[in-house]
Amino acid sequence: MKNLIAGLFLLGVFTVNSQVKLTDSDFKNLVAIGEIRSKDYMANGKDFDRSLTKLRTPKLAHIVDVLTLLDGNDTALLSARHLTRPDNEELQLWYVLREIGNNMQKDNKNPRPNTDVAKDILGKPIDERWLVDNYYDELDRGISMMFNEKDFSAINLDIQSYNLKNQTEKAIFFLNIIKPFTQRFILLNNVKNPDKIMEFAARMPQFNGKAYYTFTYFDFEDFEYPFDHGMASYTTTNLKEYYNWLMCHFMATAEKGMSAVTKEIYYNSILYTQKYFKYSGVETDLTEIYNNAKQ
């Protein structure tokens with residue numbers, strides 16, 4: 001009985017229960033925005049911006065502002081205005097856009113009217129953690145395209161200042177925002193290009209005033225979330241991915257003979273945090289390195 005009560009309590013803590021009510025105009029425009037976003041996911045061109053601007057309303061203004069920045073041409077996407085956590089109502093509107101996108105995918109054999117999809121999402125409870133993850137994941141492609149050319153080394157992303165509710169949301173924020181910066185390390189490692197890895201690493205922003213790898217606060221309760229047409233453990237999926245990127249950076253410094261940097265990364269990251277090794281996919285290897293480093 002205690003476990004049941006605890007489970008119901010947690011459901012109440014993490015689930016957004018209130019329905020989102022929109023005017024007919026806002027609802028119609030939200031669906032139209034979802035359809036435009038789905039047809040031009042890379043947010044390319046002035047036609048995309050003009051189409052969205054026509055659908056702008058006070059309720060949908062921030063959504064339009066963010067979507068028109070996803071072409072990667074404006075560093076305003078990394079401003080506090082857009083990195084600050086939106087309220088739950090706006091987050092649920094972003095989730096509508098996601099589900100309209102899923103509904104419009106070519107491999108969807110049973111698409112529904114997008115208005116029905118929108119009504120369904122607006123009328124049901126959704127886990128807050130899913131909503132937060134979805135919003136920061138939405139920023140990925142814009143940040144990634146900016147990072148192809150721009151230097152962010154002078155930027156500090158102060159995670160404490162973005163109105164994130166708890167450590168879970170701060171970790172979700174970090175794991176999403178770091179992705180467009182570090183995921184390219186895998187490809188560069190595969191083609192054996194440590195110089196390019198070091199070039200990209202030198203252009204990365206700081207997090208909380210420090211190098212990205214010093215963020216080690218992943219002590220949140222794991223949860224399942226929608227992933228790859230099913231459900232998956234959030235911690236297992238995302239920390240394993242993050243470990244892969246981090247190890248590519250670590251190995252690049254070792255290959256370049258940058259021993260001081262190699263040690264700096266190792267001892268100040270989750271490569272040296274034993275409690276997370278189980279999520280890495282190479283727990284035995286990390287444990288062996290850890291034991292040797294402790295001697």
Exercise. Is at least one residue of segment 11-27 within 20 Å of Glu138 (Cα to Cα), open to solvent by less than 40 Å² (accessible area, probe 1.4 Å) and at pLDDT 95 or above?
Worked result: no
Seminar exercise, completed: All-but-one check, Gln295 against (1) modelled with pLDDT of 95 or more; (2) over 20 Å from the mean Cα position of the chain (by Cα); (3) open to solvent by 40 Å² or more (accessible area, probe 1.4 Å); (4) not β-branched (Val, Ile, Thr), failing number (1)
For this session: Check whether at least one residue in segment 117-134 is open to solvent by less than 10 Å² (accessible area, probe 1.4 Å) and over 25 Å from Gln19 (Cβ atoms), and report yes or no.
Result: no
Seminar exercise, completed: His229: passes all of (1) in contact with a helix residue (DSSP H, G or I) (Cβ under 8 Å, 6 or more places away or on another chain); (2) open to solvent by 60 Å² or more (accessible area, probe 1.4 Å); (3) under 30 Å from Arg98 (Cβ atoms) but (1)
For this session: Check Phe200 against each of (1) more than 19 Å from Phe147 (Cβ to Cβ); (2) open to solvent by 10 Å² or more (accessible area, probe 1.4 Å) and name the one condition it does not meet.
Result: (1)
Problem set entry | Residue, nearest to Arg141 (Cα to Cα), within segment 75-96, restricted to residues that are free of Cβ contacts under 8 Å to residues at least 60 places away in the same chain and open to solvent by 20 Å² or more (accessible area, probe 1.4 Å) | Ala76
Exercise. Within segment 238-265, which residues are open to solvent by 30 Å² or more (accessible area, probe 1.4 Å) and within 14 Å of Ile172 (Cβ to Cβ)?
Worked result: Glu241
For this session: Taking the options Asp140, Asp219, Asp195, Asp151, name whichever one is of a type in the set (D, E, K, R), in contact (Cβ under 8 Å) with a residue 40 or more places away in the chain, open to solvent by 60 Å² or more (accessible area, probe 1.4 Å) and closer than 13 Å to Leu78 by Cβ.
Result: Asp151
Exercise. Of the residues that make up segment 182-192, is at least one hydroxyl-bearing (Ser, Thr, Tyr), in a helix (DSSP H, G or I) and loosely packed, with under 14 Cβ neighbours inside 10 Å?
Worked result: no
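The values are calculated or read from the model by the stated rules, or taken from the named source; none is laboratory data. What you are looking at is a predicted structure, and each value in this text was computed from that prediction instead of being measured. Ideal geometry is used to build each Cβ from the backbone, glycine not excepted, and the neighbour counts take in all protein chains shown. Please note that ligands, DNA and RNA were not included when accessible areas were found on the heavy atoms of the full protein model with its side chains. Shrake-Rupley method; radii C 1.70, N 1.55, O 1.52, S 1.80 Å.
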